[in-house]
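Contents: one structure, followed by commentary.
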Amino acid sequence: MRTPIIAGNWKLNNTISEAVSLTTALKPLVAGCRDVEIIVAPPFTALASVSSTIAGSNIRLAAQDVYSEDSGAFTGEVSVPMLKDVGCGYVIIGHSERRQYFGETNESVNQKVKAVLGHGLKPIICVGEQLEDRESGQTEAVIESHVTGGIAGLSATDLASSVIAYEPIWAIGTGKTATPEQAQEVHAFIRGLLAAAHSAEVASQIRIQYGGSVKPENASALMAQPDVDGALVGGASLEAESFAQIVKFDQ
């Protein structure tokens with residue numbers, strides 16, 4: 001059985017005080033949730049404060065990005081050892097906004113994935129197609145490129161420690177959501193790619209999240225699909241009550 005994993009990506013939102021207030025409000029709402037992994041991903045500036053706030057709770061900490069080198073003359077970047085030091089257990093890598101606005105490529109994603117795994121943290125590897133890709137029948141080609149490029153050179157053990165997040169770009173922040181059937185179709189395709197890269201046994205262990213306008217109203221239907229193992233939540237994670245409702249999708 002794959003433990004469901006619900007992660008809140010706060011993106012460029014929340015000052016330190018706002019981040020602490022949000023996680024303080026969230027803790028009691030999800031305190032009784034034991035059969036799901038709960039993650040929040042604040043901006044870099046709030047990581048230390050949120051780490052202290054969630055200490056001892058069932059909420060885990062993720063960063064929204066990382067650089068592939070451990071140290072050096074890379075002004076403005078943050079390394080995996082720095083994230084580990086502040087308490088991160090996960091790192092989101094290759095989010096569509098990183099690809100779209102900041103030039104992230106399959107190669108840079110792969111370098112970051114290897115850096116994260118090399119320090120014992122877990123990557124959340126984002127993949128997804130744009131609207132024109134879907135409308136032109138290129139969804140599977142784009143997904144295959146993202147998946148195979150992102151996991152290139154990983155061992156079976158490394159892959160089993162990774163999470164894949166499928167985010168149809170046309171459904172992020174647009175209010176549009178892939179139907180549960182559309183999500184399942186792509187998730188099953190991704191699991192097939194993972195099986196081809198290693199084995200069906202390894203692929204069966206890997207959790208694949210759905211990300212794209214996930215809300216309390218659609219979380220249960222999405223999570224009911226056999227290959228949907230979690231959610232990467234954007235806007236709905238910025239409010240404690242709505243995020244908690246998504247975490248409790250099966251209640």
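Each eigenvalue of the Cα gyration tensor of the range 36-123, multiplied by 5 and square-rooted, gives one semi-axis; in descending order these are 22, 14, 12 Å. Rounded to the nearest Hz, the phi-derived 3J(HN,Hα) couplings of the range 198-211 under the Karplus curve 6.51 cos²θ - 1.76 cosθ + 1.60 (θ = phi - 60°) are 9, 6, 4, 5, 5, 4, 5, 8, 8, 8, 10, 8, 9, x, where x marks glycine and proline. Charging the Cβ of each Asp and Glu at -1 and of each Lys and Arg at +1, and nothing else, the dipole of the chain about its Cα centre rounds to 620 debye. Here the dipole of the range 126-186 is about 180 debye; that uses its Cα centre as origin and unit charges on the Cβ of Lys and Arg (positive) and Asp and Glu (negative). Mark the label point 7 Å from the Cα of T157 along Cα→Cβ and return the residues of the range 88-109 whose backbone N is within less than 11 Å of it. So the set is empty, nothing qualifies. The gain in end-to-end length when the L12 to E185 segment is fully stretched comes to 59.2 nm, 0.36 nm per residue minus the alpha carbon separation. Membrane-span-like helices in the chain, defined purely by DSSP H runs whose alpha carbon atoms cover 15 Å or more axially and whose average Kyte-Doolittle hydropathy reaches 1.0, are 16-30. Which parts of the range 1-39 would a label at S204 reach, counting a residue when its backbone N lies under 18 Å from a point 7 Å out along Cα-to-Cβ? Zone members listed by number: 1-4. Set the Cα radius of gyration of the chain against 2.2 N^0.38 Å, with N its number of residues, and you get 0.94.
Note on the range 104-251: Cα convex hull, mean projected area over all directions, 8.8 nm².
Size of the range 174-251 from its Cα atoms: along the principal axes, largest to smallest, the extents are 39, 21, 19 Å. Hey, could you get me the Stokes-Einstein D for the range 156-219, Kirkwood radius over alpha-carbon pairs, 4 °C and 1.567 mPa s, rounded to whole µm² s⁻¹? It comes out at roughly 104 µm²/s. Taking max minus min of the alpha-carbon positions on each principal axis, the range 3-49 gives extents of 30, 18, 15 Å, largest first.
Read the figures in this text as sums done on the coordinates, not as results from a lab. Not measured: the values here are computed from a predicted model. Positions of Cβ are backbone-derived with ideal geometry, glycine not excepted, and every protein chain shown enters the neighbour counts.
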